[in-house]
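To start, the structure under review is shown below, and the notes come after it.
The values are calculated or read from the model by the stated rules, or taken from the named source; none is laboratory data. All of these numbers come straight from a predicted model, not from anything done at the bench. Cβ sites come from the backbone with ideal geometry, for glycine too, and all protein chains shown count toward neighbours.
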Amino acid sequence: MATYKPQRRPIFRIRPAEARDIVSLLELETSCFARTEEMFNRRQLQRLIANPRAVVVVAERKDRVLGWAAGLVRLRLKSYSGRVYAVAVHPDAQGKRVGYKLTSHVLHALTAYGAQRIFLEVHAENQKAINLYRMLGFIDQGYLANYYGPHHNGIRMMRSATMTQRPKR
Ligand SMILES: CC(C)(COP(=O)(O)OP(=O)(O)OC[C@H]1O[C@@H](n2cnc3c(N)ncnc32)[C@H](O)[C@@H]1OP(=O)(O)O)[C@@H](O)C(=O)NCCC(=O)NCCS
């Protein structure tokens, strides 16, 4: 007999971010980060959304923005690389795979642009985010002392665009 598994995860859709989302994104940044050094401001968000080399997406449920993510593609020495530039999920929507879906979407888009390798930086004490990135195939590449300010160290991580994501449970 088939067993019934209750649906606990929120149903949300992922769509490209637009200028009208900036107020929601600013609120998300404030709710997710304690330090202004780690937050995007209005001007940075405007520039990111307008950047043709950026992939900026939001997770939305019933007109509410639950999270967002951004990636950038760049051309260096005739080869494309990508960078996961931002991922944030509202605290009351965390732990429900929203971050996973957003980041996966950005990785696919960067790969489709032709990025051979994808990089990111993360606060060394942000274990939630590090777990997420490891699950998506990122490996540690370097330690960045004081990257986010005095005593706030970072880790640079890298993922080969051709690697397959570990299957989700
Ligand atoms: C990091 C963040 C984006 C993760 O988003 P999320 O929607 O909560 O994560 P998901 O539900 O998709 O979980 C994906 C994986 O992340 C890891 N993870 C999520 N919550 C975790 C927790 N509380 N502890 C440890 N690992 C955790 C797990 O590996 C999880 O996979 P699992 O559920 O199979 O164990 C989110 O916590 C967030 O917005 N944090 C504040 C902003 C931030 O730090 N952004 C990253 C900047 S580099």
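Summary of values
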| read-out | value |
| --- | --- |
| Long-range neighbours under 7 Å by Cβ, at least six apart or interchain, first residue more than 8 Å from the ligand (Cβ to nearest atom) within the range 123-136, second part of a helix (DSSP H, G or I) and of a type in the set (A, V, I, L, M, F, W, C) | Leu136/Leu107 |
| Residues satisfying the stated conditions in the range 51-80, i.e. over 24 Å from Ser24 (Cα atoms) and modelled with pLDDT under 95 | Arg74, Leu75, Arg76, Leu77, Lys78, Ser79, Tyr80 |
| Positions within the range 129-141 being on the phi < 0 side of the Ramachandran plot and either of a type in the set (A, V, I, L, M) or surrounded by 13 or more Cβ atoms within 10 Å (Cβ to Cβ) (or both), in sequence order | Ala129, Ile130, Leu132, Tyr133, Arg134, Met135, Leu136, Phe138, Ile139, Asp140, Gln141 |
| In the range 37-46, the residues that are away from the ligand (no atom under 14 Å from the Cβ), surrounded by fewer than 17 Cβ atoms within 10 Å (Cβ to Cβ) and within 15 Å of Tyr85 (Cα to Cα) | Asn41, Gln44, Gln46 |
| Residues of the range 98-118 that turn out to be aromatic (Phe, Trp, Tyr) and within 12 Å of the ligand (Cβ to nearest atom), as a count | 1 |
| Residue within the range 21-36 that is within 15 Å of the ligand (Cβ to nearest atom) and among the acidic types (Asp, Glu) present | yes |
| Checking Thr111 against (1) under 16 Å from Ala59 (Cα atoms); (2) β-branched (Val, Ile, Thr); (3) out of contact with any strand residue (DSSP E or B) (no Cβ under 7 Å at 6 or more places or on another chain), the condition it does not meet | (1) |
| Residues that are closer than 22 Å to His152 by Cα and modelled with pLDDT under 95, drawn from the range 1-50 | Phe33, Ala34, Arg35, Thr36, Glu37, Glu38, Met39 |
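For every residue, the table says whether it meets (1) more than 21 Å from Glu38 (Cα to Cα); (2) of a type in the set (S, T, N, Q).
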| residue | (1), (2) |
| --- | --- |
| Leu75 | yes, no |
| Val89 | no, no |
| Lys96 | yes, no |
| His105 | yes, no |
| Tyr113 | yes, no |
| Asn131 | no, yes |
| Arg156 | no, no |
